[in-house]
Amino acid sequence: MRTSEGTNSTRDKPTRKVITFPNPTLRKKAKAIKTVNLEVRKIIGEMIETMYAAEPKGIGLAAIQVGIPMQIIVADIGEGPIALINPKMVSHKGKEADKEGCLSLPGIYAEVERWSWVKVVGLNKDGKKVEIEAEGLLARVLQHEIDHLNGILFIDRVKDWDTLEVVEGYPVPEELWKFIEAHATAGSTKSNG
Ligand SMILES: [Zn+2]
């Protein structure tokens, strides 16, 4: 996930290429990881660097976005990096709508309703069980990234396409316009005119 704010610094660390919509890999289901080994830790490191190197800087990334169909997510909302393996949302509360963007859908933002508080369990990079209780932006990022592991993109959850924001200078692919048009016109649940 990304916000429209924040810049990255010049870095010289290994990163991976982020795949973008409509690459079919984004619709794949990621596999659970059995052993948290060196390779998994290496992928996590590269994912974090990839997230930081994005312009504007990403605040979350799922392994599937770099073409790896494994259940790994990373996030950093400005409080330091978090990595979660086999993450699962076990509890949630409240609802909140806010603008969302995605490194795999560059240049567009739209409002998505999410749980405002979540409890997520998973493994950390050392293979230890962890439990994260998050609210606000971190809760949103975690839900966005867990969605990726199930082949779900934030555009699937947009209810009101009137909230769409397109950043100047980003070439929005034809397929994405088609997706938006199809879903915007199908939005018969709108009640505010
Ligand atoms: Zn995303």
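Since every read-out is calculated from the coordinates, none of them should be taken as a lab result. Note that this is a predicted model, so its numbers are computed, not measured. Neighbour counts run over all protein chains shown; Cβ positions are idealised from the backbone, glycine included.
Of note:
- Once the Cα atoms are used to define both axes, helix 136-149 deviates from the longest principal axis of the chain by about 80 degrees.
- Across Thr50, Thr15, Thr35, mean-square fluctuation computed from a Gaussian network of the chain (C-alpha pairs under 10 Å connected) peaks at Thr35.
- Taking each DSSP H run with n ≥ 4 as -39500 (n - 2.57) and averaging over every residue of the chain yields -7000 deg cm²/dmol at 222 nm.
- Net charge, Tyr170 excluded, C-beta distance under 13 Å - Lys, Arg +1, Asp, Glu -1: -2
- Estimated FRET transfer efficiency when R0 is 22 angstrom, pair Lys88-Lys128 (beta carbons, to 0.05): 0.90
- Within-14-Å neighbourhood charge of His144 [Cβ basis; K, R +1; D, E -1]: -4
- Folded to 0 to 90 degrees: helix 174-185 orientation relative to the chain principal axis, Cα: 60 degrees
- Here each label is just a point 7 Å from Cα along the line to Cβ, and for Ala32 and Ala97 those points are 3.6 nm apart.
- Extension gain (nm, one decimal) between Asn150 and Glu113, 0.36 nm per residue minus Cα-Cα: 11.6 nm
- Mean Cβ neighbour count within 10 Å, used as a protection proxy, ranking 129-141, 52-64 highest first: 52-64, 129-141
- Distance between the 7 Å Cα→Cβ label points at Leu164 and Ile19: 2.4 nm.
- Each Cα pair under 8 Å and six or more residues apart adds its sequence gap; the mean of these over the residue count of the chain is a relative contact order of 22 percent.
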